[in-house]
Each structure stands twice: as structure tokens, then as C-alpha cells.
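Taking it in order: structure first as C-alpha cells, then the write-up.
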Amino acid sequence: MFGLEKFGKMAETVKQAKQQQDKMKAIQVFGESRNHLVKIHLNGLQELVSISIDESLLSPAKAKDLKNDIMAAYKDAQQKLQKELMKGLDLEQMKKMLGM
């Protein structure tokens with residue numbers, strides 16, 4: 001019986017982790033560069049969903065600007081994501097999932 005009970009608890013933990021992952025994936029944030037020429041869409045798992053680049057940045061002469069704008073948009077999206085995640089953080093649920 002001990003083995004089955006332990007397996008049941010493990011299965012429940014896996015189920016809760018999957019539910020939490022689904023919740024995280026449903027969170028969506030959008031970041032953009034200061035000049036609004038690059039926009040980045042991230043989900044709560046920090047996966048890049050999409051990126052939008054204004055055509056004016058697509059010339060070889062603008063390569064450095066493009067790089068800087070992508071970095072700025074990504075940083076903006078990450079900051080927004082961190083704020084969003086902190087709003088929905090359930091410390092008690094996380095402690096239970098970690099066995100604390």
C-alpha cells in the first residue's frame with residue numbers, strides 16, 4: 001500500500017505542476033522598444049510568441065539599431081512579465097507543490 005499511496009501523491013503533484021504550467025503559458029505580455037519599432041510577445045513561461053519589426057530597421061545600415069531595439073523590447077517584456085507573475089503568485093500553493 002505504501003507504494004501506491006506514494007505514487008498517488010506523485011501523480012497529484014505532477015497534475016498540479018501541469019496545471020501551473022498551463023496557467024503560466026496563458027499569461028501574455030507585450031514589450032516594445034522606446035521608439036516603438038520593435039514589439040515582442042512573451043508568454044508566462046518566457047517563451048517568445050511573436051516579434052514585430054518595423055521595416056525601417058531592416059536595412060543593413062540599421063543592424064545596430066535593430067539589435068538594440070530587440071534587446072530593449074525583450075527587456076521591456078520581461079519586466080512586464082515579472083510584474084504580472086508577482087500579481088498571481090500563490091506562495092502557499094507553491095510551497096505545497098514543493099513539499100514544504
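The values are calculated or read from the model by the stated rules, or taken from the named source; none is laboratory data. All values reported here derive from a predicted model rather than from experimental measurement. No Cβ is skipped: glycine too gets one built from the backbone with ideal geometry, and neighbour counts run over all protein chains shown.
Structure notes:
- The residue of the range 32-89 that is farthest from Q19 (Cα to Cα), among those that are in contact with a Ser or Thr (Cβ under 6 Å, 6 or more places away or on another chain) and not basic (K, R), is D69.
- Within the set D69, D90, the sole residue that is modelled with pLDDT of 95 or more and of a type outside the set (F, W, Y) turns out to be D69.
- Each residue in the range 41-64 was checked for being over 23 Å from M24 (Cα atoms), of a type outside the set (S, T, N, Q) and in contact (Cβ under 8 Å) with a residue 12 or more places away in the chain, and 3 of them qualify.
- One residue stands out in the range 44-61 among those that are part of a loop (DSSP other than H, G, I, E, B) and touching a strand residue (DSSP E or B) at 6+ places or on another chain (Cβ under 8 Å): the one that is surrounded by the most Cβ atoms within 10 Å (Cβ to Cβ), namely G44.
- Within the range 23-38, the residues that satisfy the criterion of being over 11 Å from A72 (Cβ atoms) and either exposed (fewer than 14 other Cβ atoms within 10 Å of the Cβ) or touching a strand residue (DSSP E or B) at 6+ places or on another chain (Cβ under 7 Å) (or both) are K23, K25, A26, I27, Q28, V29, F30.
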